[in-house]
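The values are calculated or read from the model by the stated rules, or taken from the named source; none is laboratory data. Just so it is clear, the model here is predicted, and its values are computed rather than measured. We place every Cβ from the backbone using ideal geometry, glycine too, and count neighbours over all the protein chains shown.
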């Protein structure tokens, strides 16, 4: 199953789940409204009987305190009774004079009137709270649609922006990776053009050119493996680290001291792809070199603890703020004015997705240096 099929199915499942969570409150609100409507009709019947009792006994000296308390408690319910002559007989509205307006109002509510042997029809209005509950699902739906629209727009814009950063970064990273060996080859060619070069010097130049051409082949191989499953082989980590260290040392300032520290009596094997692994190490070292002023040290320590190879690359450069420990691995993040912020993002992908390992900032102090840690399972 390709990535587009998986993404399409995921969107479908999320849509179904969203509809399910939307339907539940709609049904629940409808259930509450129906039950409250039934209760309201019961209240109306009680209210009508109470009004009728008070009307029939208003000229007597009977105590109507209980009936008055009922009217007060059912004050939210509005009732109009119509006699057999189509006249308003009883109602509990506050404007008794305009009975025609009251009748027109309750008829516009489209609520089916109740029937009674004593009255032709009993019109009523639901309380405001019941009206609010009945409209609440619609309001909830509108707010949810508004939220989804805004969230989708923001997410889509953010995704496009990140895609643009990745594409731009990939193009610049390609140019950067190719630029180093190409510059080296051009320099060696200039040396060859000079007169008075001995055969030994020519052989040395040819060896360096061969190394740079090999590097070009490695760069091509690295980019061809991005997005595909690379072939992993059992390799000795000290040998791989030493190879990357030698390559970067030849292209760094002579005032920078490179060291590789490990226990020579111990074995350090891991399943890696040499090309991609060396890319990670070179990216980390290159970032360390960029953080220095042409002098300092870069020390690589290798230890094996509990079946895990721990690689620590330490420098005494400018350091990284603690708030940026995770940010530096995101596509597009860079502290350099001409940086594109893709090297460490690719390094994280290579180590964690392809090699089942982990890469992170172990420690860093601004002005003192940084230690990047890499963990790989032993074999």
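Taking residue 227 as the residue in question, decide whether it is closer than 26 Å to residue 357 by Cα and either modelled with pLDDT under 70 or not in a loop (DSSP other than H, G, I, E, B) (or both).
Here the answer is yes, as residue 227 does meet what is asked.
Considering each of 272, 261, 281, 256 in turn, give the residue that is farther than 22 Å from residue 308 by Cβ and touching a strand residue (DSSP E or B) at 6+ places or on another chain (Cβ under 8 Å).
256
List pairs: first residue in the range 249-274 and free of Cβ contacts under 8 Å to residues at least 12 places away in the same chain, second residue part of a strand (DSSP E or B) anywhere in the structure, Cβ distance under 7 angstrom, at least six positions apart or on different chains.
The qualifying pairs are 249/258.
For the range 230-247, which residues satisfy the criterion of being crowded, with 16+ Cβ neighbours inside 10 Å, within 19 Å of residue 184 (Cβ to Cβ) and modelled with pLDDT of 90 or more?
Of everything in the range 230-247, those that are crowded, with 16+ Cβ neighbours inside 10 Å, within 19 Å of residue 184 (Cβ to Cβ) and modelled with pLDDT of 90 or more turn out to be 244, 245.
Could you list, in sequence order, the residues of the range 287-298 that are surrounded by fewer than 17 Cβ atoms within 10 Å (Cβ to Cβ) and either in contact (Cβ under 8 Å) with a residue 40 or more places away in the chain or closer than 13 Å to residue 237 by Cβ (or both)?
290, 294, 295, 297 - these are the residues of the range 287-298 that are surrounded by fewer than 17 Cβ atoms within 10 Å (Cβ to Cβ) and either in contact (Cβ under 8 Å) with a residue 40 or more places away in the chain or closer than 13 Å to residue 237 by Cβ (or both).
Name every residue in the range 341-361 that is closer than 20 Å to residue 321 by Cα and at pLDDT 95 or above, in order of residue number.
Within the range 341-361, 359, 360, 361 meet the criteria.
Which one of these does residue 258 not meet: (1) outside any strand (DSSP E or B); (2) in contact with a helix residue (DSSP H, G or I) (Cβ under 7 Å, 6 or more places away or on another chain); (3) surrounded by fewer than 19 Cβ atoms within 10 Å (Cβ to Cβ)?
For residue 258, the exception is condition (1).
Rundown of residues vs (1) outside any helix (DSSP H, G or I); (2) closer than 19 Å to residue 125 by Cβ; (3) modelled with pLDDT of 75 or more, yes/no style:
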residue	(1), (2), (3)
1	yes, no, no
16	no, no, yes
21	no, no, yes
25	no, no, yes
76	yes, yes, no
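Which numbered condition in (1) under 36 Å from the mean Cα position of the chain (by Cα); (2) at pLDDT 75 or above is the only one that residue 262 fails?
(1)
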